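A.B. asks: I am attaching a structure below and will ask some questions about it afterwards.
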Amino acid sequence: MDWDNARVFLAIYRNGTLRGAAALLQIDQATAGRRLAALERSLDARLFLRTPAGYVPTAAGELAFAAAERMEQAADQLQRQMQGLDHRLSGVVRMASSEAIGSYFVMDAVKRLHARHPDITISLSTSIKLSNLTRREADLAIRNVRPDSPDLIHRHLARKDTGLYAAPSYLLQRGEPKPGTAFAGHALVTYQQSALPGWSDAFCGEPTGNGHVAIELNSAMMIIDAVRAGLGIGELPVHMAARHPELVRIWPQRAGSYDLWLVMHGDLNRTARVRAVADAIVEVFEQE
(Lines give C-alpha, C1' and ligand atoms only; values in the text may rest on other atoms or scores of the structure.)
Protein backbone atom coordinates (compact mmCIF):
# COMPACT_ATOMS: atom_id res chain seq x y z
CA MET A 1 0.00 0.00 0.00
CA ASP A 2 1.17 3.49 -0.88
CA TRP A 3 1.22 5.47 2.39
CA ASP A 4 0.12 8.70 0.71
CA ASN A 5 -2.94 6.90 -0.66
CA ALA A 6 -3.63 5.39 2.76
CA ARG A 7 -3.46 8.86 4.37
CA VAL A 8 -6.14 10.08 1.98
CA PHE A 9 -8.27 7.02 2.72
CA LEU A 10 -8.03 7.66 6.48
CA ALA A 11 -8.98 11.31 6.05
CA ILE A 12 -12.04 10.41 3.96
CA TYR A 13 -13.05 7.74 6.48
CA ARG A 14 -12.87 10.25 9.35
CA ASN A 15 -14.44 13.22 7.56
CA GLY A 16 -17.02 11.46 5.45
CA THR A 17 -16.44 13.67 2.41
CA LEU A 18 -13.80 14.09 -0.25
CA ARG A 19 -13.84 17.84 0.26
CA GLY A 20 -13.29 17.56 4.02
CA ALA A 21 -10.42 15.11 3.56
CA ALA A 22 -8.74 17.34 0.97
CA ALA A 23 -9.02 20.37 3.26
CA LEU A 24 -7.57 18.42 6.18
CA LEU A 25 -4.58 17.23 4.15
CA GLN A 26 -4.21 20.57 2.33
CA ILE A 27 -4.47 19.01 -1.12
CA ASP A 28 -7.00 19.63 -3.86
CA GLN A 29 -10.14 17.53 -4.10
CA ALA A 30 -9.20 16.00 -7.45
CA THR A 31 -5.91 14.71 -6.02
CA ALA A 32 -7.75 13.16 -3.09
CA GLY A 33 -10.12 11.43 -5.48
CA ARG A 34 -7.27 10.08 -7.62
CA ARG A 35 -5.42 8.72 -4.61
CA LEU A 36 -8.52 6.95 -3.31
CA ALA A 37 -9.12 5.43 -6.76
CA ALA A 38 -5.49 4.27 -6.91
CA LEU A 39 -5.80 2.61 -3.49
CA GLU A 40 -9.00 0.86 -4.49
CA ARG A 41 -7.33 -0.41 -7.67
CA SER A 42 -4.30 -1.68 -5.74
CA LEU A 43 -6.54 -3.54 -3.28
CA ASP A 44 -9.05 -4.59 -5.94
CA ALA A 45 -11.86 -3.54 -3.61
CA ARG A 46 -14.46 -0.80 -3.26
CA LEU A 47 -13.73 0.99 0.02
CA PHE A 48 -16.63 3.46 0.14
CA LEU A 49 -20.20 3.75 -1.02
CA ARG A 50 -20.76 7.20 -2.52
CA THR A 51 -24.05 8.45 -1.07
CA PRO A 52 -25.76 11.88 -0.97
CA ALA A 53 -24.86 12.04 2.73
CA GLY A 54 -21.17 11.40 2.07
CA TYR A 55 -18.72 8.51 1.80
CA VAL A 56 -19.86 5.44 3.76
CA PRO A 57 -17.23 2.69 4.30
CA THR A 58 -17.96 -0.76 2.92
CA ALA A 59 -17.03 -3.95 4.74
CA ALA A 60 -13.71 -3.85 2.88
CA GLY A 61 -13.32 -0.22 3.92
CA GLU A 62 -13.76 -1.11 7.59
CA LEU A 63 -11.03 -3.75 7.30
CA ALA A 64 -8.78 -1.34 5.42
CA PHE A 65 -9.28 1.31 8.08
CA ALA A 66 -7.89 -0.91 10.84
CA ALA A 67 -4.80 -1.73 8.76
CA ALA A 68 -4.28 1.84 7.56
CA GLU A 69 -4.62 3.18 11.08
CA ARG A 70 -1.82 0.87 12.22
CA MET A 71 0.30 2.22 9.35
CA GLU A 72 -0.48 5.75 10.52
CA GLN A 73 0.48 4.94 14.10
CA ALA A 74 3.80 3.48 12.97
CA ALA A 75 4.53 6.46 10.72
CA ASP A 76 3.66 8.92 13.49
CA GLN A 77 5.84 7.03 15.95
CA LEU A 78 8.78 7.13 13.56
CA GLN A 79 8.39 10.89 13.08
CA ARG A 80 8.11 11.51 16.82
CA GLN A 81 11.17 9.40 17.58
CA MET A 82 13.24 11.15 14.91
CA GLN A 83 12.00 14.51 16.16
CA GLY A 84 12.99 13.47 19.67
CA LEU A 85 16.61 13.32 18.53
CA ASP A 86 16.49 16.90 17.26
CA HIS A 87 18.67 19.22 19.37
CA ARG A 88 18.09 22.36 17.28
CA LEU A 89 16.51 25.37 18.95
CA SER A 90 14.75 26.33 15.74
CA GLY A 91 11.79 25.21 13.68
CA VAL A 92 8.05 24.92 14.26
CA VAL A 93 6.38 23.76 17.47
CA ARG A 94 2.65 23.09 17.21
CA MET A 95 0.63 23.96 20.29
CA ALA A 96 -3.00 23.39 21.20
CA SER A 97 -5.01 25.18 23.87
CA SER A 98 -8.33 26.86 24.41
CA GLU A 99 -8.77 30.38 23.07
CA ALA A 100 -8.79 31.80 26.60
CA ILE A 101 -5.62 30.00 27.68
CA GLY A 102 -3.95 31.11 24.47
CA SER A 103 -4.83 34.72 25.09
CA TYR A 104 -4.15 34.86 28.84
CA PHE A 105 -1.06 32.64 29.14
CA VAL A 106 0.43 31.35 25.89
CA MET A 107 1.13 34.80 24.48
CA ASP A 108 3.27 35.67 27.49
CA ALA A 109 5.10 32.36 27.14
CA VAL A 110 5.81 32.99 23.45
CA LYS A 111 7.16 36.45 24.27
CA ARG A 112 9.59 34.94 26.80
CA LEU A 113 10.50 32.16 24.38
CA HIS A 114 11.36 34.51 21.50
CA ALA A 115 13.56 36.62 23.74
CA ARG A 116 15.77 33.54 24.16
CA HIS A 117 15.16 31.49 21.01
CA PRO A 118 13.92 33.73 18.18
CA ASP A 119 14.25 30.97 15.57
CA ILE A 120 11.45 28.88 17.10
CA THR A 121 8.07 29.41 15.45
CA ILE A 122 4.87 28.66 17.36
CA SER A 123 1.85 27.32 15.48
CA LEU A 124 -1.05 27.69 17.92
CA SER A 125 -4.45 26.05 17.40
CA THR A 126 -7.22 27.18 19.76
CA SER A 127 -10.21 24.98 20.51
CA ILE A 128 -11.85 23.49 23.58
CA LYS A 129 -11.77 20.10 21.85
CA LEU A 130 -8.82 17.93 22.85
CA SER A 131 -6.18 17.52 20.17
CA ASN A 132 -4.80 14.03 19.53
CA LEU A 133 -1.10 14.18 20.37
CA THR A 134 -0.55 10.56 19.36
CA ARG A 135 -1.70 11.42 15.83
CA ARG A 136 0.60 14.45 15.91
CA GLU A 137 -2.21 17.00 15.74
CA ALA A 138 0.01 19.02 18.09
CA ASP A 139 3.41 18.67 19.76
CA LEU A 140 2.17 19.83 23.14
CA ALA A 141 -1.08 21.03 24.62
CA ILE A 142 -2.53 22.81 27.65
CA ARG A 143 -5.62 20.98 28.86
CA ASN A 144 -8.03 21.08 31.78
CA VAL A 145 -8.22 17.28 31.74
CA ARG A 146 -5.45 15.08 33.10
CA PRO A 147 -4.42 12.58 30.40
CA ASP A 148 -4.64 8.87 31.12
CA SER A 149 -2.68 7.58 28.12
CA PRO A 150 0.66 5.98 29.09
CA ASP A 151 2.20 7.49 25.94
CA LEU A 152 1.65 11.03 27.20
CA ILE A 153 3.62 12.85 29.87
CA HIS A 154 2.05 15.70 31.79
CA ARG A 155 2.76 18.39 34.35
CA HIS A 156 0.27 20.17 36.56
CA LEU A 157 0.40 23.88 35.81
CA ALA A 158 -2.20 25.47 38.07
CA ARG A 159 -5.56 25.22 39.77
CA LYS A 160 -7.82 28.11 38.81
CA ASP A 161 -10.86 29.39 40.68
CA THR A 162 -14.17 30.21 39.09
CA GLY A 163 -16.97 32.48 40.30
CA LEU A 164 -20.44 33.66 39.35
CA TYR A 165 -20.59 36.96 37.47
CA ALA A 166 -23.17 39.23 35.91
CA ALA A 167 -23.31 42.64 34.31
CA PRO A 168 -24.72 45.58 36.34
CA SER A 169 -27.46 45.98 33.73
CA TYR A 170 -28.59 42.41 34.27
CA LEU A 171 -28.64 42.74 38.06
CA LEU A 172 -30.56 46.01 37.80
CA GLN A 173 -33.24 44.23 35.79
CA ARG A 174 -33.34 40.82 37.51
CA GLY A 175 -31.56 41.19 40.83
CA GLU A 176 -29.30 38.54 42.34
CA PRO A 177 -30.38 34.90 42.43
CA LYS A 178 -31.12 33.37 45.82
CA PRO A 179 -28.97 30.43 46.94
CA GLY A 180 -30.85 27.15 46.97
CA THR A 181 -33.32 28.12 44.21
CA ALA A 182 -31.34 26.58 41.31
CA PHE A 183 -31.35 30.00 39.59
CA ALA A 184 -35.14 30.20 39.35
CA GLY A 185 -36.18 33.25 37.35
CA HIS A 186 -32.71 33.88 35.98
CA ALA A 187 -30.99 33.63 32.62
CA LEU A 188 -27.74 31.68 32.24
CA VAL A 189 -24.78 31.84 29.88
CA THR A 190 -23.01 28.54 29.43
CA TYR A 191 -20.99 26.23 27.21
CA GLN A 192 -22.62 24.11 24.54
CA GLN A 193 -23.36 20.63 25.85
CA SER A 194 -21.54 19.11 22.87
CA ALA A 195 -18.45 21.13 23.74
CA LEU A 196 -18.29 20.56 27.51
CA PRO A 197 -20.88 17.96 28.61
CA GLY A 198 -22.19 18.53 32.11
CA TRP A 199 -20.73 22.02 32.51
CA SER A 200 -24.15 23.70 32.72
CA ASP A 201 -25.60 21.26 35.28
CA ALA A 202 -24.31 23.41 38.13
CA PHE A 203 -22.58 26.79 38.57
CA CYS A 204 -20.17 26.91 41.53
CA GLY A 205 -22.06 24.07 43.17
CA GLU A 206 -25.53 25.56 42.62
CA PRO A 207 -27.79 23.40 40.38
CA THR A 208 -29.04 25.24 37.32
CA GLY A 209 -32.22 23.23 36.73
CA ASN A 210 -34.63 26.14 37.34
CA GLY A 211 -32.67 28.66 35.28
CA HIS A 212 -33.20 29.51 31.62
CA VAL A 213 -30.19 29.02 29.34
CA ALA A 214 -30.17 32.22 27.32
CA ILE A 215 -27.21 31.31 25.11
CA GLU A 216 -24.80 28.39 24.69
CA LEU A 217 -21.30 29.06 23.40
CA ASN A 218 -18.11 27.14 22.63
CA SER A 219 -15.57 29.74 23.74
CA ALA A 220 -14.73 31.20 27.16
CA MET A 221 -14.01 34.54 25.50
CA MET A 222 -17.52 34.60 23.99
CA ILE A 223 -19.03 33.61 27.34
CA ILE A 224 -17.38 36.64 28.93
CA ASP A 225 -18.70 38.86 26.12
CA ALA A 226 -22.22 37.47 26.63
CA VAL A 227 -22.11 38.10 30.38
CA ARG A 228 -20.76 41.61 29.82
CA ALA A 229 -23.63 42.23 27.40
CA GLY A 230 -26.12 41.44 30.16
CA LEU A 231 -27.48 38.25 28.61
CA GLY A 232 -27.29 36.29 31.84
CA ILE A 233 -25.23 34.92 34.72
CA GLY A 234 -22.07 32.97 33.90
CA GLU A 235 -19.47 30.94 35.76
CA LEU A 236 -16.16 32.54 34.80
CA PRO A 237 -12.52 31.96 35.68
CA VAL A 238 -11.68 34.57 38.31
CA HIS A 239 -8.41 35.53 36.61
CA MET A 240 -10.31 36.31 33.40
CA ALA A 241 -13.15 38.19 35.06
CA ALA A 242 -10.59 40.35 36.88
CA ARG A 243 -9.76 42.01 33.56
CA HIS A 244 -13.35 43.28 33.38
CA PRO A 245 -13.90 45.28 36.57
CA GLU A 246 -17.37 46.29 35.42
CA LEU A 247 -18.60 42.74 36.09
CA VAL A 248 -20.16 42.05 39.48
CA ARG A 249 -19.28 38.86 41.32
CA ILE A 250 -22.31 37.11 42.80
CA TRP A 251 -21.97 35.03 45.99
CA PRO A 252 -18.21 35.68 46.31
CA GLN A 253 -18.03 33.16 49.15
CA ARG A 254 -18.84 30.38 46.67
CA ALA A 255 -16.31 29.24 44.09
CA GLY A 256 -15.51 26.42 41.74
CA SER A 257 -12.15 25.33 40.39
CA TYR A 258 -10.44 23.53 37.54
CA ASP A 259 -6.92 22.29 36.85
CA LEU A 260 -4.60 23.00 33.93
CA TRP A 261 -2.09 20.46 32.63
CA LEU A 262 0.79 20.71 30.18
CA VAL A 263 0.78 17.58 28.03
CA MET A 264 3.17 16.21 25.40
CA HIS A 265 3.99 12.87 23.85
CA GLY A 266 6.83 11.03 25.56
CA ASP A 267 8.72 10.71 22.27
CA LEU A 268 9.06 14.51 22.07
CA ASN A 269 10.34 15.09 25.57
CA ARG A 270 13.95 15.33 24.34
CA THR A 271 13.24 17.58 21.35
CA ALA A 272 15.07 20.81 22.15
CA ARG A 273 12.55 23.24 20.68
CA VAL A 274 9.58 21.46 22.29
CA ARG A 275 11.31 21.46 25.66
CA ALA A 276 12.10 25.17 25.29
CA VAL A 277 8.43 25.94 24.68
CA ALA A 278 7.36 23.76 27.59
CA ASP A 279 9.82 25.53 29.90
CA ALA A 280 8.51 28.94 28.90
CA ILE A 281 4.92 27.87 29.59
CA VAL A 282 5.81 26.46 33.01
CA GLU A 283 7.66 29.67 33.85
CA VAL A 284 4.62 31.83 33.06
CA PHE A 285 2.40 29.82 35.36
CA GLU A 286 5.00 29.68 38.15
CA GLN A 287 5.45 33.44 38.12
CA GLU A 288 1.78 34.31 37.78
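The values are calculated or read from the model by the stated rules, or taken from the named source; none is laboratory data. From a predicted model like this one, the values you see are computed outputs, not experimental measurements. Every residue, glycine among them, receives a Cβ derived from its backbone with ideal geometry; neighbour counts consider all protein chains shown. Side chains included, ligands, DNA and RNA excluded: accessible areas come from the protein's heavy atoms. Shrake-Rupley method; radii C 1.70, N 1.55, O 1.52, S 1.80 Å.
A.B. asks: If you scan the range 89-133, which residues turn out to be open to solvent by 30 Å² or more (accessible area, probe 1.4 Å) and either in contact with an Asp or Glu (Cβ under 6 Å, 6 or more places away or on another chain) or among the aromatic types (Phe, Trp, Tyr) (or both)?
C.D. replies: 90, 94, 126, listed by residue number.
A.B. asks: Moving on. Which pairs do you get when a residue that is outside any loop (DSSP other than H, G, I, E, B), found in the range 131-145, comes within reach of a residue that is open to solvent by 10 Å² or more (accessible area, probe 1.4 Å) and modelled with pLDDT under 85, reach meaning Cβ atoms under 7 angstrom, with the pair 6+ apart or on two chains?
C.D. replies: The qualifying pairs are 141/131; 143/130.
A.B. asks: Count, please, the residues in the range 174-193 that happen to be outside any loop (DSSP other than H, G, I, E, B) and crowded, with 16+ Cβ neighbours inside 10 Å.
C.D. replies: Total satisfying the criteria: 5.
A.B. asks: Residue 210 versus (1) open to solvent by 20 Å² or more (accessible area, probe 1.4 Å); (2) closer than 18 Å to residue 252 by Cα; (3) not aromatic (Phe, Trp, Tyr): which is the lone unmet condition?
C.D. replies: The number of the failed condition is (2).
A.B. asks: Oh, and also: When residues of the range 271-288 are filtered for being in contact (Cβ under 8 Å) with a residue 60 or more places away in the chain and not in a helix (DSSP H, G or I), how many remain?
C.D. replies: Number of matching residues: 2.
A.B. asks: Let me confirm something: among 231, 236, 171, 196, which residue is open to solvent by less than 20 Å² (accessible area, probe 1.4 Å) and in contact (Cβ under 8 Å) with a residue 40 or more places away in the chain?
C.D. replies: Checking each option against the conditions leaves just 236.
A.B. asks: For residue 30, indicate whether it is modelled with pLDDT of 90 or more and in a helix (DSSP H, G or I).
C.D. replies: It is true that residue 30 is modelled with pLDDT of 90 or more and in a helix (DSSP H, G or I).
A.B. asks: Please tell me if residue 241 is of a type in the set (Gly, Ala, Ser), in contact with a Leu (Cβ under 7 Å, 6 or more places away or on another chain) and farther than 30 Å from residue 76 by Cβ.
C.D. replies: Taking the combined requirement at face value, the residue satisfies it.
A.B. asks: Just the residues that are farther than 20 Å from residue 67 by Cα, part of a loop (DSSP other than H, G, I, E, B) and touching a residue at least 12 places away in the same chain (Cβ under 8 Å), please, taken from the range 1-26.
C.D. replies: Of everything in the range 1-26, just one residue is farther than 20 Å from residue 67 by Cα, part of a loop (DSSP other than H, G, I, E, B) and touching a residue at least 12 places away in the same chain (Cβ under 8 Å), namely 17.
A.B. asks: Could you list, in sequence order, all residues of the range 49-58 that are outside any loop (DSSP other than H, G, I, E, B), over 30 Å from the mean Cα position of the chain (by Cα) and surrounded by 11 or more Cβ atoms within 10 Å (Cβ to Cβ)?
C.D. replies: 49
A.B. asks: Hey, does the range 73-87 have a residue that's of a type in the set (S, T, N, Q), assigned to a helix (DSSP H, G or I), under 24 Å from residue 139 (Cα atoms) and open to solvent by less than 40 Å² (accessible area, probe 1.4 Å)?
C.D. replies: Among the residues of the range 73-87, at least one is of a type in the set (S, T, N, Q), assigned to a helix (DSSP H, G or I), under 24 Å from residue 139 (Cα atoms) and open to solvent by less than 40 Å² (accessible area, probe 1.4 Å), which makes the answer yes.
A.B. asks: Just to verify a result, which residue in the range 27-46, among those that are under 31 Å from the mean Cα position of the chain (by Cα) and within 13 Å of residue 68 (Cβ to Cβ), is surrounded by the fewest Cβ atoms within 10 Å (Cβ to Cβ)?
C.D. replies: 36
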